[in-house]
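Colleague: Dropping a structure here in structure tokens format, bear with me for questions.
The values are calculated or read from the model by the stated rules, or taken from the named source; none is laboratory data. Note that the structure is a prediction, hence the values are computed from the model and not measured. Backbone-built Cβ (ideal geometry, glycine too); neighbour counts: all protein chains shown. SASA here: full protein model, heavy atoms, side chains in, ligands and nucleic acids out. Shrake-Rupley method; radii C 1.70, N 1.55, O 1.52, S 1.80 Å.
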Amino acid sequence: MKAIGIITAMALAMVAPGLRADDIVPDRLMEASQSAIPGRQIDVIGLVPGMTPEEAIPVLTEILGEKPYASQSQTMLRDGGVSVTSVPFVSGLSGEANDEAFELFFSGLSSGNQLLMIRRQGEYGSAGAPKVADFVQSLRGKYGEPSFVEQGFNATVLVWTFKDGQQVVCHKQEAPQCLSTDAAFTMIEQSALDFDVLIYAAVAPRPSDPERVGMFRISSADLRIKLAAETADQAGLQNALEAAVDAADAAAPKPAF
């Protein structure tokens, strides 16, 4: 079997590419489906993993006070010297407001072009910064008791981990390990065995006033969607790639002796 490589949408990160005649509408193998944990909130200000760009844009627009910036990408599948490329799709939404920044990351078209991870981060000036204890208590009030808490000098870290609709434990060093959403994505095949939904928060105090918040970061992700999307986005271009390989073989010059 020939080695086949895929360049995923997030890896490509091509901003606003133009549509070409040979860009392909890939097979649709998954439909978008918003994540949910019975009796628990997993959203970041109304943004939920599994949303489509069409569902997320109005929510993020309301938060920012203006439409977010939309980045576009294409999925490419390659077999040797032959490659096929999908039509462009929205792979990210981003924007800033009130000293906060939002980044949303979406899967490709074959997997429903759905929201994989929401990242929110912000900082407070010297005036009006909440107390760290109050901020952490607000997180507990929204997301419930964390699976893991670490209160360090540089930051308080809270992690909520769920599997099959139930909250499950995670450990600082042992498996299954408590990870940030970004770290879980880098080792998705293993982390998705242990968790579905993962919520991560880090709250850092002000150096000049350790009782008050200086910076924070909150993210929510569905690892099940992420893992399934990687498979679907490759498979959705497979038929087109095989046809392109066959066409290239047929067009190859025949040697004459």
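Colleague: State which residue pairs qualify: first residue on the phi > 0 side of the Ramachandran plot and inside the range 63-92, second residue among the hydrophobic types (A, V, I, L, M, F, W, C) and at pLDDT 90 or above in any location, beta carbons under 6 Å apart, and separation of 6 or more residues or different chains.
Modeller: Within 6 Å, the pairs are 65/97.
Colleague: Write out, first by first residue and then by second, each pair whose Cβ atoms fall under 9 Å of each other, whose residues are 6+ apart or on separate chains, and whose first residue, in the range 111-138, is free of Cβ contacts under 8 Å to residues at least 24 places away in the same chain while the second is crowded, with 19+ Cβ neighbours inside 10 Å and outside any helix (DSSP H, G or I).
Modeller: 134/213
Colleague: Can you tell me how many residues within the range 106-154 are assigned to a loop (DSSP other than H, G, I, E, B) and closer than 20 Å to residue 179 by Cα?
Modeller: 7
Colleague: Which of (1) hydrophobic (A, V, I, L, M, F, W, C); (2) under 19 Å from the mean Cα position of the chain (by Cα); (3) more than 27 Å from residue 141 (Cα to Cα); (4) open to solvent by less than 10 Å² (accessible area, probe 1.4 Å) does residue 77 not meet, given it meets every other one?
Modeller: It fails just one condition, (2).
Colleague: Here are some conditions: (1) part of a strand (DSSP E or B); (2) open to solvent by 60 Å² or more (accessible area, probe 1.4 Å). Residue 94 meets all but one. Which one does it not meet?
Modeller: Against the list (1) part of a strand (DSSP E or B); (2) open to solvent by 60 Å² or more (accessible area, probe 1.4 Å), residue 94 comes up short only on (2).
Colleague: Inside the range 204-225, can you point out the residues that are more than 21 Å from the chain's Cα centre (by Cα) and part of a strand (DSSP E or B)?
Modeller: 204, 205, 206, 209, 210, 211, 212, 213, 214, 215
Matching residues to (1) closer than 19 Å to residue 232 by Cα; (2) part of a helix (DSSP H, G or I); (3) at pLDDT 95 or above:
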site: 42; (1), (2), (3): no, no, yes
site: 51; (1), (2), (3): yes, no, yes
site: 57; (1), (2), (3): no, yes, yes
site: 60; (1), (2), (3): no, yes, yes
site: 63; (1), (2), (3): no, yes, yes
site: 66; (1), (2), (3): no, no, yes
site: 72; (1), (2), (3): yes, no, yes
site: 77; (1), (2), (3): yes, no, no
site: 83; (1), (2), (3): yes, no, no
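Colleague: Moving to a separate point now. On the basis of being without any contact (Cβ under 8 Å) to a residue 40 or more places away in the chain, surrounded by fewer than 21 Cβ atoms within 10 Å (Cβ to Cβ) and in a helix (DSSP H, G or I), does residue 228 make the cut?
Modeller: Considered against the rule, which asks whether it is without any contact (Cβ under 8 Å) to a residue 40 or more places away in the chain, surrounded by fewer than 21 Cβ atoms within 10 Å (Cβ to Cβ) and in a helix (DSSP H, G or I), residue 228 comes out as no.
Colleague: Related question: Please verify whether the range 40-50 includes one or more residues that are within 20 Å of residue 100 (Cβ to Cβ) and touching a Gly at 6+ places or on another chain (Cβ under 9 Å).
Modeller: Yes, the conditions are met somewhere in the range 40-50.
Colleague: Quick one: in the range 147-159, of everything that is touching a residue at least 40 places away in the same chain (Cβ under 8 Å) and crowded, with 17+ Cβ neighbours inside 10 Å, which residue is nearest to residue 36 (Cα to Cα)?
Modeller: Here the residue is 159.
Colleague: Only one of (1) on the phi < 0 side of the Ramachandran plot; (2) open to solvent by less than 50 Å² (accessible area, probe 1.4 Å); (3) within 20 Å of the chain's Cα centre (by Cα); (4) touching a residue at least 60 places away in the same chain (Cβ under 8 Å) is not met by residue 165, so which one is it?
Modeller: Failing condition for residue 165: (1).
Colleague: Give the residues of the range 231-257 that are surrounded by 11 or more Cβ atoms within 10 Å (Cβ to Cβ), assigned to a helix (DSSP H, G or I) and among the hydrophobic types (A, V, I, L, M, F, W, C), sorted by residue number.
Modeller: Within the range 231-257, 232, 235, 240, 241, 243, 244, 245, 247, 248 meet the criteria.
Colleague: Further question on the same structure: Would you mind telling me which numbered condition in (1) at pLDDT below 95; (2) over 29 Å from residue 161 (Cβ atoms); (3) hydrophobic (A, V, I, L, M, F, W, C); (4) assigned to a strand (DSSP E or B) residue 6 fails?
Modeller: All conditions pass for residue 6, except number (2).
Colleague: Output the residue which, of all residues in the range 173-197 that are part of a loop (DSSP other than H, G, I, E, B) and out of contact with any helix residue (DSSP H, G or I) (no Cβ under 7 Å at 6 or more places or on another chain), is surrounded by the fewest Cβ atoms within 10 Å (Cβ to Cβ).
Modeller: 173
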